[in-house]
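These notes are about the structure you will find just below.
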Amino acid sequence: MPSQPRTPSISYPQHLSTLPPTTATLLLSFPTPQTLLVTINRPEQMNCLNGKAHHEMERVWDWYDREGGLRCAVVTGARPKGKGRRAFCAGQDLKEWFTNQDSAEPQLKHPPGGFGGLSRRTGKKPIIAAVDGLCMGGGFEMICNIDLTICTPSSIFSFPELSVGVIPIAGALPRLVYNIGLARASELVLTGRVLSANDAYEWGIANKVTSEREDVVEEAVKMAQKVCDMSPDGVIVARRGLRMAWGGLGVEAATKDVTGMWEELERGVNIKEGLRAFMEKRKPRWFDSKL
């Protein structure tokens, strides 16, 4: 573990090789030693992202991919104190955007990973979204490129951009067509249809809608633990194969790509540990991935 001073409010897993980036708009925590929880902490702005938040999130995801001991991440939005409206992320901070329209200073652009460092992220490891409340505009764009999504029954999903003269520009438009088909994608974007949580589940946007008794972040952490229980090498390689084909590489080209990584996996320690554990009828004791 590095010798830099620790932030007292965060309990860091001892296996981390470096500390996470410093953030002003995010809360970072570790619900399990191998799981990173990123909370967008702008509840009074319905967790809309400003320029600083986009770049802080990008740095956090880059750090997460480099840390071998972290195997899955969860992203959610902070809940307001009192009776404020809950939101995962209601999109871009339009007040900042409007103010910057007449500014001579250059506006902060999205980082290479897109909105929140997520809407165009390729990355190496999986991220799970825990959605509670509004998921609109850029918030929805992040969901279109995320690995798994769990939402509460009161969550809603929409693209209201056209109603204010802009469009979803951070990568969601082509991804929506891949995810749900042209007709449904057109209805969402061109009419501004608002999807309920159940609609999102039926359309294949959400993996699970929680019950009233379940906490959405806790359920996302449980799903993250299922990922952490798998071979770290296997998760990285299998995820790459899924996303290569989804991204339009084609079935055979994606298969060849994964076959190349398979050779690295086959030389690693985790495949040997997994097979040994199977023969010995015990749970595997995985090693941090070197991929």
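FYI, it's all coordinate maths here, none of it is from the lab. Note that the coordinates shown come from a computational prediction; the quantities given were computed from them, not determined experimentally. Cβ: placed from backbone, ideal geometry, glycine included. Neighbour counts: every protein chain shown.
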(message) If you average the C-alpha positions of the stretch 137-166 and of the stretch 243-287 separately, how far apart do those two centres end up, in angstrom?
(response) 32 Å
(message) Between ARG285 and LYS109, what is 0.36 nm times their sequence separation minus the Cα-Cα distance? Round to one decimal in nm.
(response) 59.1 nm
(request) Measure off 7 Å from each Cα along the Cα-to-Cβ vector at ILE10 and LYS83, then give the distance between these two points in nanometres to one decimal. (result) 3.5 nm
(request) Measure off 7 Å from each Cα along the Cα-to-Cβ vector at LYS256 and LYS208, then give the distance between these two points in nanometres to one decimal. (result) 3.9 nm
(request) Would you calculate the separation in nanometres between label points at PHE30 and GLU273, each defined as 7 Å from the Cα along the Cα-to-beta-carbon direction? (result) 1.6 nm
(request) Only Lys, Arg, Asp and Glu count, each charged at its Cβ (+1, +1, -1, -1), so figure out the dipole size of the chain about its Cα centre, rounded to 20 debye. (result) 620 debye
(request) Between LEU190 and ILE169, take the C-beta separation as r, use R0 = 22 Å, and let me know the FRET efficiency to the nearest 0.05. (result) 0.90
